[in-house]
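The values are calculated or read from the model by the stated rules, or taken from the named source; none is laboratory data. In this text, all values refer to a predicted model and were calculated from it rather than measured experimentally. Cβ: placed from backbone, ideal geometry, glycine included. Neighbour counts: every protein chain shown.
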């Protein structure tokens, strides 16, 4: 016996709404990326360029493409979770998604706009917990969605080490 509620939405309408939802998740994540980049871009050739950085610091050109892929994967993962039947776990997953997206945005403000490297290190730890929490819930709802957060977790772990080293060197 199937305990999940059956949906009576016609397949064509479900596809249309699904496409709109995917576009909304992509739009939201790209909006966060775009607005945070406004606070980031001005500091890269000036303040950030003057900082001492470890030898493993990637070239600046790497960050844009990597973040584009990560934001895309995040949006698709959230969309996959959104497509699951309504439940408390689904709602919690989407709330965690929004919270980690907010923490992601906040890191750019703290690091690049406020130039608070130590505070950014604390904030990236909060972001890391948010990613891990989102990923754990997403895995329970959709293995694919959970795995889509894995590269993000790895990249933010690397960024945390990089943030620590920049803080230490400066």
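Residues in segment 21-49 that are surrounded by fewer than 13 Cβ atoms within 10 Å (Cβ to Cβ) and over 19 Å from residue 112 (Cα atoms): 23, 27. Do we have residue 128 as under 23 Å from residue 50 (Cα atoms) and modelled with pLDDT of 95 or more here? Against the criterion (under 23 Å from residue 50 (Cα atoms) and modelled with pLDDT of 95 or more), residue 128 does not qualify. If you check 126, 156 for being surrounded by 16 or more Cβ atoms within 10 Å (Cβ to Cβ) and in contact with a helix residue (DSSP H, G or I) (Cβ under 9 Å, 6 or more places away or on another chain), only one passes: 156. No other residue among 59, 85, 65 is farther than 23 Å from residue 164 by Cβ, free of Cβ contacts under 8 Å to residues at least 24 places away in the same chain and loosely packed, with under 14 Cβ neighbours inside 10 Å apart from 65. Within segment 46-62, being at pLDDT 95 or above and touching a helix residue (DSSP H, G or I) at 6+ places or on another chain (Cβ under 9 Å) holds for 47, 48, 49, 51, 52, 53, 54, 56, 57, 58.
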